[in-house]
Each structure stands twice: as C-alpha cells, then as structure tokens.
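What follows is a single structure, written as structure tokens, with notes after it.
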Amino acid sequence: MKLHRTVAYLDGRPYTLITLRPSTTVRFAVNHFHDTWHVLSGRVGAQLFARLLWGLAYQPRENTLVVIDRRFLDPTPFEADPSVPIVLFTPERTPFGGRAARELRRLLPSFGPPDGTVRWQTHGLDAALADREAWWERHPAPPWNGYAYYHHKRKAHHPPHDGLLALPGDAGALMREAVTIASMQTSVGTPMAYEYLDRYEFQIFHDYRRRVSAARTARREIESLAEPPNRLAGPGYHEGDLVRRHIWARGTEIRERRMRGRRVEQRPPLYQTHSINEIERSAASPSDRNKA
C-alpha cells in the first residue's frame with residue numbers, strides 16, 4: 001500500500017514521518033479507561049493498523065515514525081471525547097523522547113504537503129494470517145511477566161507523550177501485534193472484539209461508525225442543555241462524571257433506536273429538562289428508567 005513520507009527535524013535530528021494518504025477513509029479513535037489506553041476502530045481499521053505495524057517491523061531506515069494524525073481520528077464512540085494522535089516507532093532504531101514528541105505535536109496541526117510517497121511493504125503478513133498456528137509456533141510470545149503487566153503496562157508514562165499516544169515496540173513485538181490485530185473478527189452476533197497488547201488494548205466494533213455518530217449526537221445534545229451537568233470524576237472514569245455519564249447513556253439510546261430502524265424524533269423526558277436539578281431527579285440512565 002502507498003503512504004506519504006515527510007521529513008521533519010525533531011530535537012535536532014531528521015525524522016521520516018510516515019502518514020496515511022488523505023484519500024484514506026479508515027478512522028481510529030483513542031481513549032483512556034480503567035488505566036489502559038485503547039485504540040478503537042472497525043474491522044477494516046484493524047487490518048490497516050496491522051499492516052502499519054508489520055511494515056514498521058521491517059523498516060530499516062532509522063528515525064522513522066508512523067503517525068496517525070487528527071485527519072484520521074474520530075472522537076471516541078463512547079462519550080465523543082477527542083482522540084490524541086498515535087505514533088508508532090521502534091526504540092532500537094528511533095529515539096523518541098519528550099522534546100521530539102513536543103515538537104512533533106506542535107507540527108501536526110499544520111502538516112504541509114508530503115515530501116514523497118512510499119510503498120509500504122507488508123510481505124509475509126498474508127502468509128502468517130493464512131496459517132496463524134504455524135506462524136505462532138515459529139514466533140512464540142515471550143513468557144508472561146506478571147510483575148511488568150501489573151506495575152508497568154498500565155503506567156501512564158508509557159503511552160502518552162505530550163498529547164500523543166506513543167506506542168513503541170521492537171520488531172518481534174510489532175509482528176506479533178500485527179498478527180493478533182489482523183486476526184480480530186466481529187459480526188452482528190459478536191459486535192465487539194478486543195485484544196490486550198503489551199502497552200495498550202486494541203478494540204474493534206462491528207458498528208464502529210454508528211457508535212461514533214451516536215456519541216457525537218449525544219454530546220451535542222447534552223452540552224446544549226441550558227445548564228449542562230458538572231464534570232466530577234477523575235480521568236478515565238465516567239461513573240461520577242455527569243457530563244460523560246449522560247452522553248454515554250444518551251448515545252446508547254440513539255444507537256439502539258437507529259439499529260431498530262426507527263428515527264429518533266424526540267428526546268426522552270430525561271433530556272428535555274432545562275436544569276441540572278431536574279436531570280439529577282430523573283432516572284440517570286436508560287437502565288434506571290427501565291427499572292422504574
């Protein structure tokens with residue numbers, strides 16, 4: 001597949017930035033929940049992400065960053081929170097510290113024309129997927145390290161770098177993640193799938209675009225209330241955050257009604273209120289109203 005190549009100077013050294021072409025229609029989202037960073041998309045997004053990882057594993061050029069910038073990011077399909085750009089790199093060949101991350105973050109909003117086009121090579125991935133069992137026998141995962149999992153994997157300093165979701169990985173880890181992600185499947189009967197990886201979780205939805213659309217509509221409705229709810233909870237949790245809790249609940253209603261083929265012609269009573277006191281006195285979620 002073809003990708004764009006841009007040369008940028010970060011922290012005093014030249015980097016090659018590999019980005020998706022503007023014609024790419026696949027989208028991703030990023031959120032942080034339960035102390036874990038999640039990359040979200042649909043089935044096609046998983047296949048594309050896997051090819052980015054696989055190609056990076058074989059990339060010989062030093063100082064190469066694969067960047068998924070805001071042009072290819074959706075708000076989250078839960079509460080329509082904004083997503084941060086994703087950066088993939090191999091630490092052995094590409095140092096990427098805080099200063100380089102900050103300079104890249106400042107560069108991203110004004111991404112100019114690319115310096116060229118590259119053909120991203122993913123030879124071997126299709127063969128690995130055709131016989132995954134044999135491939136895993138030849139490329140076994142390292143022994144599970146429980147201490148590292150509980151004490152390092154979910155630490156915030158691993159992924160976020162000054163407004164970026166930085167996901168490093170050596171060649172072996174990138175290949176294993178690529179095979180794992182490309183193998184994910186969803187269906188109407190199994191609408192969601194997820195995989196825990198070394199530093200993040202990859203999650204796909206059968207109706208990813210429908211969820212994003214419903215979350216956007218719900219956020220617009222809740223934040224347009226005359227007196228919107230207050231934000232109360234800490235990062236990563238929506239249970240005590242009234243804004244995000246109502247967005248999530250309303251988004252679920254919108255999506256379920258759309259899935260039943262009926263248009264949402266009016267808001268349910270909870271969302272026709274005009275003050276936070278009325279909202280708090282009402283049932284807090286669709287499940288609460290069903291219990292009433």
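Each reported figure results from applying straightforward, stated rules to the coordinates on display, with no laboratory input. Please read these numbers as outputs of a predicted model, since none were measured by experiment. Cβ placement follows ideal geometry from the backbone for every residue including glycine, while neighbour counts extend to all protein chains displayed.
Amide H contacts for M192 (H built 1.01 Å from N in the peptide plane; partners 5 or more residues away or on another chain; cut-off under 5 Å): S187, H206. Principal axis analysis of the Cα atoms in the stretch 2-206 yields extents of 44, 39, 38 Å, listed in decreasing size. Taking amide H as placed 1.01 Å from N in the peptide plane, the amide H of L165 sits under 5 Å from that of I86, V87, each at least 5 places away or on another chain. Here the 3J(HN,Hα) profile of the stretch 188-198, calculated from phi with Karplus coefficients 6.51, -1.76 and 1.60 at θ = phi - 60°, is 4, x, 10, x, 9, 9, 8, 9, 7, 10, 4 Hz, Gly and Pro shown as x.
Rounded if a/c is under 1.5, else prolate if a/b beats b/c, else oblate: with a ≥ b ≥ c from the C-alpha gyration tensor eigenvalues square-rooted, which is the stretch 24-87? Before the final figure, lay out the partial values.
On the way: a/c = 2.01, a/b = 1.73, b/c = 1.17.
Prolate is the answer for the stretch 24-87, as a/c is 1.5 or above and a/b outweighs b/c.
Applying the Karplus relation 6.51 cos²θ - 1.76 cosθ + 1.60 with θ = phi - 60° to the stretch 18-30 yields 3J(HN,Hα) values of 9, 10, 6, 6, x, 6, 5, 9, 6, 10, 10, 9, 9 Hz, where x marks Gly and Pro. Annotation: peptides 85-91, 96-102, 166-172, ranked by per-residue average of other Cβ atoms within 10 Å with the highest first, follow the order 85-91, 166-172, 96-102. Seen through its C-alpha gyration tensor, with square-root eigenvalues sorted a ≥ b ≥ c, the stretch 160-208 comes out oblate because a/c lies at 1.5 or above while a/b is not bigger than b/c. Amide hydrogen proximity for L73: with H placed 1.01 Å from N in the peptide plane, the residues at 5 or more positions away or on another chain lying under 5 Å are F28.
In order along the stretch 112-119, phi translates into HN-Hα couplings of x, x, x, 8, x, 10, 10, 9 Hz, rounded to whole numbers, per the Karplus curve 6.51 cos²θ - 1.76 cosθ + 1.60 with θ = phi - 60° and x for Gly and Pro.
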